[in-house]
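The values are calculated or read from the model by the stated rules, or taken from the named source; none is laboratory data. In this text the structure is predicted, and so the values were computed from the model without any measurement. Glycine gets a Cβ as well: all are built from the backbone with ideal geometry, and neighbour counts include every protein chain shown.
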Amino acid sequence: MHMADALLSPQVAAVMYAASGTAAGISLSKLRKEDAENRSIPVMAVAAALVFAGQMINYTIPGTGSSGHMCGGMLLTALLGPYAGFLSMIVILTIQCLFFGDGGLLALGANVWNMAFYGCFIGYFFIYRPIMHSSLFSGRPEKSAVRSRLILASILGCIITLQLGAFSVVVETSLSGITELPFGAFAALMQPIHLAIGLVEGLITSAVLVFVYQSRPSLLRDVESSDASAQKSVKSVVAILAVFVFLVGGVLSLFASENPDGLEWALFGNSDAGYSENMGLDEEDFGIASNASETAGQIQENTSFLPDYSFKDSDSPAGTSVSGIVGSAMVALAAVGIAALGGYFRKKAFKG
């Protein structure tokens with residue numbers, strides 16, 4: 001759901017930068033006041049890297065000619081909290097934009113809002129936390145009840161927040177005055193396909209969170225466990241997740257679906273594979289051209305050393321693997337640095 005610069009007018013892009021920047025400032029401020037007793041630098045690093053690697057895996061949506069990938073806001077929020085999770089998402093989206101050419105630089109503020117704000121804040125405060133503190137499934141044994149709440153919160157959270165993000169894309173393009181994208185027709189394509197994408201992301205998110213709960217419940221927000229007898233150490237959980245990051249970014253990324261993602265599918269269709277043209281826009285000439293978008297594009301061209309997650313002027317699959325590993329490492333380091341600005345680790349000592 002990474003928007004290209006051509007989908008936004010400079011005025012709308014500026015508003016979205018201001019909105020996302022305000023949310024980022026508040027998040028930094030909140031981190032200075034937040035109790036970080038149960039957080040650690042390695043967890044922060046591996047969680048952000050896991051989402052970066054996960055976003056490289058496009059999964060096919062059967063019967064549509066489309067594909068989707070996880071956003072990751074709900075996953076990061078459950079592990080790090082909404083404020084650190086949101087800042088981590090900013091790091092991920094910025095690195096994708098600047099160094100891999102994924103999503104427009106002019107559109108970065110909108111992409112942060114659409115892909116991070118809803119998952120981290122709406123998903124946490126209105127879905128995840130209420131469900132985890134509810135009495136749902138209370139008739140079951142404790143572990144079974146918590147697992148069920150985690151699964152429900154993950155699936156509902158991902159579906160609802162992705163619907164909000166997809167609808168925001170429609171609103172932003174409409175306000176930008178792109179007449180080739182009538183509001184009703186565009187929304188009718190964007191919402192159903194992102195419903196399916198959100199369902200799959202919810203299942204993936206729930207699987208990761210259930211693993212963490214089974215291994216080390218204290219790493220999850222709003223989760224308590226009275227049984228500490230069989231818990232893995234933090235170091236062990238981080239090591240397992242780090243291996244998973246390497247496998248996803250370096251190996252599984254090679255098998256990602258080549259179908260267009262939900263936004264591209266809505267804009268351009270997939271007629272080459274026998275599916276609908278949908279909005280039927282020309283991939284080489286669509287949307288809005290502006291001096292701001294041209295400047296942003298030139299900056300990206302200069303900074304993207306692995307454009308489209310591949311080596312420049314090369315179709316070698318090794319470029320994808322290198323992109324997954326290098327990008328994950330960059331995100332891990334940058335996420336830690338950004339969070340440190342907010343005093344996120346001021347009270348921390350890494351405990352195994």
- Note on the structure: Those residues of segment 153-209 which are of a type in the set (G, A, S), under 18 Å from M1 (Cα atoms) and surrounded by 22 or more Cβ atoms within 10 Å (Cβ to Cβ) amount to G157, G165, A166, G198, G202
- Answer with yes or no whether D308 is of a type in the set (D, E) and under 18 Å from the mean Cα position of the chain (by Cα). yes
- Message: Which pairs turn up if I take residues in segment 63-82 that are surrounded by fewer than 24 Cβ atoms within 10 Å (Cβ to Cβ) and look for partners that are part of a strand (DSSP E or B) and acidic (D, E) with beta carbon separation below 9 Å, at least 6 apart in sequence or on another chain?
- Response: S67/D261; H69/D261
- Message: Scan segment 167-177 and tell me whether some residue there is touching a Ser or Thr at 6+ places or on another chain (Cβ under 6 Å) and either part of a helix (DSSP H, G or I) or basic (K, R) (or both).
- Response: no
- Note on the structure: When segment 73-92 is checked residue by residue, the ones that are more than 11 Å from the chain's Cα centre (by Cα) and either basic (K, R) or more than 18 Å from Y128 (Cα to Cα) (or both) are L87
- Query: Listed residues L189, L162, L150; which is touching a Phe, Trp or Tyr at 6+ places or on another chain (Cβ under 7 Å) and part of a helix (DSSP H, G or I)?
  - Reply: L150
- Query: Does S168 satisfy the condition of being of a type in the set (S, T, N, Q), at pLDDT below 95 and either closer than 30 Å to V15 by Cβ or more than 18 Å from the chain's Cα centre (by Cα) (or both)?
  - Reply: no
- Single residue of G72, G21 found to be touching a helix residue (DSSP H, G or I) at 6+ places or on another chain (Cβ under 6 Å) and not hydrophobic (A, V, I, L, M, F, W, C): G72
- Message: Would you confirm whether or not segment 228-240 contains a residue that is small (G, A, S), outside any loop (DSSP other than H, G, I, E, B) and surrounded by 18 or more Cβ atoms within 10 Å (Cβ to Cβ)?
- Response: no
- Query: Does any residue in segment 163-175 that is in contact (Cβ under 8 Å) with a residue 24 or more places away in the chain and of a type in the set (D, E, K, R) come within less than 8 Å, Cβ to Cβ, of a residue that is surrounded by fewer than 18 Cβ atoms within 10 Å (Cβ to Cβ) and in a helix (DSSP H, G or I) six or more places away or on a different chain, and which pairs are these?
  - Reply: none
- Selection over segment 152-193 where residues are within 19 Å of G109 (Cβ to Cβ) and not hydrophobic (A, V, I, L, M, F, W, C) yields a count of 8
- among the small types (G, A, S) and closer than 20 Å to M70 by Cα, is that true of A273? no
- Query: Taking segment 118-152 as the search range and keeping residues that are aromatic (F, W, Y) and buried (at least 20 other Cβ atoms within 10 Å of the Cβ), which one is farthest from Q214 (Cα to Cα)?
  - Reply: Y118
